[in-house]
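J.: Attaching a single structure in structure tokens format; questions to follow.
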Amino acid sequence: MGWAIALHGGAGDIPYSLPPERRQPREEALRHCLQIGIKALNSKFTPLDVVELVVRELENIPHFNAGRGSVLTNKGTVEMEASIMDGKTMKCGAVSGLTTVVNAVSLARLVMENTPHIYLAFDGAEDFARQQGVETVDSSHFITPENIERLNQAKDANRVQIDYTQPIQNDTKNETEPPFANGDSQIGTVGCVAVDSNGNLASATSTGGLVNKMVGRIGDTPVIGAGTYANEFCAVSATGKGEAIIRGTVARDVAALMEFKGLSLKEAANIVVQERTPKGTVGLVAVSAAGEIAMPYNTTGMFRACATEDGYSEVAIWPDTKIE
Amino acid sequence: MVGWAIAVHGGAGVDPNLPPRRQEEAKQLLTHCLNLGISALRSNASAVDVVELVVRQLESNPLFNSGRGSALTAKGTVEMEASIMDGAKRRCGAVSGLSTVKNPVSLARLVMEKSPHSYLAFSGAEEFARQQGVEVENNEYFITPDNVGMLKLAKEANTIMFDYRIPIAGYEKCAGLESSVKMNGLPISIYAPETVGCVVVDSEGRCAAATSTGGLMNKMSGRIGDSPLIGAGTYACEVCGVSCTGEGEAIIRGTLAREVAAVMEYKGLRLQEAVDFVIKHRLDEGFAGLIAVSNKGEVAYGFNCNGMFRGCATEDGFMEVEIWE
């Protein structure tokens with residue numbers, strides 16, 4: 001059995017009408033990150049190193065909702081969070097509320113390796129980042145014009161919507177117009193899972209969270225068992241509506257179904273996404289100790305890519321149109 | 001219709017040298033809280049109302065490590081966290097990093113019911129608390145002289161220990177460190193987790209769970225443990241409600257609360273078997289305990305460490321408050 005890797009740049013209501021100038025850079029980015037992961041696996045990096053490396057790359061790309069390009073809180077600021085888990089040792093690390101740290105996933109790894117804790121957040125996490133000497137920049141570095149636009153649209157929509165949780169599509173005044181003029185999904189996250197030829201697994205996820213979120217809101221991404229999980233059976237990274245992923249303990253459930261009901265990775269992942277979470281809220285990428293890959297989602301689309309050692313690779317956004 | 005059941009805990013991992021007076025105080029508090037819960041259940045309160053009510057009581061009492069009486073961060077401040085879950089629809093709410101909110105579990109409930117989110121932390125959570133008009137106090141209100149003393153001892157113990165995971169010789173010479181039982185890297189005479197929690201199944205068969213804590217003594221500011229993490233310290237679904245306590249990192253890694261429900265759902269185990277399985281197989285070198293109820297009116301608990309402050313009761317009149325095995 002060879003290695004396998006899968007990564008995502010977020011699941012959501014990515015409309016089929018996404019114009020080429022918004023679609024192509026993202027496809028290119030997915031391809032690029034996949035190549036980085038493939039190269040690392042071929043150079044015998046551990047799955048833990050690989051997922052960190054790939055997620056760092058995804059964080060640095062402004063097209064996805066993590067690191068640079070993170071969506072904004074209701075105050076126009078960024079609060080980034082991430083987690084990482086090593087399936088072999090079950091060690092894990094998580095961070096939330098970061099405002100200046102360039103690579104949240106790497107700080108999560110440092111929490112895992114250099115502290116007796118698993119999860120550090122907000123000021124405490126920022127202090128730790130400085131102690132560890134990780135790269136930090138002014139928060140404005142992470143803010144993109146696209147995200148300022150997304151935030152404005154979300155705030156405008158809220159003037160019409162009383163209930164924040166209602167999908168914007170329900171606003172009948174704007175039936176023909178997509179919720180966000182730029183056509184991108186407003187929810188998303190990045191993540192990567194990998195398994196080496198010895199069956200060692202690892203997972204990492206990183207995000208800016210939900211557009212227009214309340215300051216201090218934590219989603220599923222840093223919650224072990226919700227957005228990220230890895231053990232001896234599989235590694236999972238989830239994306240979508242954080243609140244649904246937390247309630248559904250999505251990442252853990254995929255592994256639990258495999259372990260307790262003897263299901264295959266694909267069966268377990270499908271059940272969790274299609275039967276145990278509401279439609280339009282979740283997507284995930286997963287790999288198993290046997291080298292299988294699963295990338296189910298119950299949203300319109302999910303930016304994703306995967307590859308196996310035997311040469312197979314795939315970059316896709318929607319169900320039927322594979323790009324390669 | 002199912003008979004109701006309730007369990008409360010005040011932490012897993014107890015100093016074997018705990019003075020009898022302290023043991024008595026703890027048992028009295030647990031009994032009192034249990035009775036409050038029982039009274040509410042007899043008046044047909046819902047499971048989620050009862051767990052909140054009981055945990056509020058535990059938070060307000062400085063005896064255990066939550067609300068008033070919370071363990072202190074390395075800076076000598078209090079950062080409280082809590083979560084609550086309503087099994088019927090698996091709705092949940094959680095908070096972390098609270099420094100002035102009198103009852104973290106109630107703020108967690110407000111996050112669940114009055115915000116579009118599931119989890120709020122630090123200044124954002126404090127702001128929400130003010131918007132919601134919940135009772136707040138100065139940080140000093142939560143700090144007890146006992147804990148100030150404990151923090152000092154913890155710091156002394158830690159400066160001797162380079163890596164808390166490596167057993168060291170020498171700390172036994174420190175005054176007050178007679179116990180050789182350790183949890184979270186500290187001798188248990190200095191620090192026992194003492195997180196609080198409550199699980200309930202009401203007479204409609206609805207399960208709920210809530211957990212609240214000040215966290216780890218001498219923790220880094222910003223450290224979040226298992227108590228506010230759904231699936232780790234707290235979980236409730238249609239089949240059960242679970243609240244955990246002990247070494248936070250072990251509970252997170254083992255997704256302990258969710259695990260009990262998962263083996264019930266996916267392996268068909270009954271509540272006590274599920275609890276035993278999880279305690280036996282999911283903790284490795286970690287120490288923890290948990291309480292749980294099922295939608296069939298059962299109550300169970302388990303722990304792999306030295307004692308757990310607990311109490312449980314069922315509608316048929318069974319009641320027990322214990323500390324040791």
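J.: Here is a list of conditions, (1) within 12 Å of chain A (Cβ to nearest Cβ); (2) crowded, with 20+ Cβ neighbours inside 10 Å; (3) more than 16 Å from residue B:195 (Cα to Cα); (4) of a type outside the set (Gly, Ala, Ser), and residue B:151 meets all of them except one; can you say which number that is?
T.: All conditions pass for residue B:151, except number (1).
Matching residues to (1) crowded, with 22+ Cβ neighbours inside 10 Å; (2) touching a residue at least 24 places away in the same chain (Cβ under 8 Å):
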site: B:5; (1), (2): yes, yes
site: B:13; (1), (2): yes, yes
site: B:24; (1), (2): no, no
site: B:27; (1), (2): no, yes
site: B:33; (1), (2): yes, yes
site: B:44; (1), (2): no, yes
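J.: Quick check on the stretch A:255-270: of everything there that is away from chain B (no Cβ under 11 Å) and surrounded by 23 or more Cβ atoms within 10 Å (Cβ to Cβ), which residue is nearest to residue A:14 (Cα to Cα)? So that I can check it myself, show each step before the final result.
T.: Initial filter on the stretch A:255-270 (away from chain B (no Cβ under 11 Å)): A:264-267, A:269-270.
Applying the additional criterion that residues be surrounded by 23 or more Cβ atoms within 10 Å (Cβ to Cβ) yields A:265, A:269.
Values: A:265: 25, A:269: 21 Å.
Once the filter is applied, the top-ranked residue is A:269.
J.: Out of all the residues in the stretch B:48-66, which are surrounded by 24 or more Cβ atoms within 10 Å (Cβ to Cβ), within 19 Å of residue B:145 (Cβ to Cβ) and hydrophobic (A, V, I, L, M, F, W, C)?
T.: B:64
J.: Which condition number does residue B:221 fail, the rest of (1) under 25 Å from residue B:111 (Cα atoms); (2) within 12 Å of another protein chain (Cβ to nearest Cβ); (3) crowded, with 24+ Cβ neighbours inside 10 Å being met?
T.: (3)
J.: Same structure again: Give me a count of the residues in the stretch A:92-144 that are surrounded by 24 or more Cβ atoms within 10 Å (Cβ to Cβ), aliphatic (A, V, I, L, M) and more than 10 Å from chain B (Cβ to nearest Cβ).
T.: 7
J.: Identify, by number, the condition in (1) surrounded by fewer than 24 Cβ atoms within 10 Å (Cβ to Cβ); (2) modelled with pLDDT of 95 or more; (3) touching a Ser or Thr at 6+ places or on another chain (Cβ under 9 Å); (4) not acidic (Asp, Glu) that residue B:213 doesn't meet.
T.: So the condition that residue B:213 fails would be (1).
J.: Among the residues of the stretch A:234-246, which ones are at pLDDT below 95 and facing another protein chain (nearest Cβ under 8 Å)? Outline the logic, then answer.
T.: Initially, the stretch A:234-246 is screened for residues at pLDDT below 95, giving A:240-244.
Of everything in the stretch A:234-246, those that are at pLDDT below 95 and facing another protein chain (nearest Cβ under 8 Å) turn out to be A:242, A:243.
J.: Among the listed residues B:81, B:59, which satisfies the condition of being at pLDDT 95 or above, over 22 Å from residue B:314 (Cβ atoms), out of contact with any Phe, Trp or Tyr (no Cβ under 8 Å at 6 or more places or on another chain) and not in a strand (DSSP E or B)? So that I can check it myself, show each step before the final result.
T.: Numbers: B:81 fails: not in a strand (DSSP E or B).
Going through B:81, B:59 in turn, the sole match is B:59.
J.: Select from the stretch A:1-51 the residues that are within 21 Å of residue A:233 (Cβ to Cβ) and modelled with pLDDT under 90 and list them in ascending order.
T.: Matches in the stretch A:1-51: A:1 only.
J.: Another question, then. Only one of (1) of a type in the set (A, V, I, L, M); (2) within 19 Å of residue A:314 (Cα to Cα); (3) in a loop (DSSP other than H, G, I, E, B) is not met by residue A:286, so which one is it?
T.: Condition not satisfied by residue A:286: (3).
J.: On to the next question. Check whether at least one residue in the stretch B:93-102 is at the interface with another protein chain (Cβ under 10 Å from one of its Cβ atoms), of a type in the set (S, T, N, Q) and under 18 Å from residue B:51 (Cβ atoms), and report yes or no.
T.: Taking every residue of the stretch B:93-102 in turn, none turns out to be at the interface with another protein chain (Cβ under 10 Å from one of its Cβ atoms), of a type in the set (S, T, N, Q) and under 18 Å from residue B:51 (Cβ atoms).
J.: Going through the stretch A:189-213 one residue at a time, which ones are assigned to a loop (DSSP other than H, G, I, E, B), more than 15 Å from the chain's Cα centre (by Cα) and away from every other protein chain (no Cβ under 14 Å)? I'd like the intermediate steps shown before the answer.
T.: Here is the first cut: in the stretch A:189-213, the residues assigned to a loop (DSSP other than H, G, I, E, B) are A:189, A:196-200, A:208-212.
Restricting the remaining residues to those that are more than 15 Å from the chain's Cα centre (by Cα) gives A:196-200, A:212.
Residues satisfying the conditions are A:196, A:197, A:198, A:199, A:200.
J.: Does residue A:243 qualify as being within 18 Å of the chain's Cα centre (by Cα), in a helix (DSSP H, G or I) and either at negative phi or touching a residue at least 24 places away in the same chain (Cβ under 8 Å) (or both)?
T.: Details: within 18 Å of the chain's Cα centre (by Cα): yes; in a helix (DSSP H, G or I): yes; either at negative phi or touching a residue at least 24 places away in the same chain (Cβ under 8 Å) (or both): yes.
So residue A:243 fits the description; yes.
The values are calculated or read from the model by the stated rules, or taken from the named source; none is laboratory data. In this text, all values refer to a predicted model and were calculated from it rather than measured experimentally. Here Cβ is always computed from backbone atoms with ideal geometry, including for glycine, and neighbour counts include all displayed protein chains.
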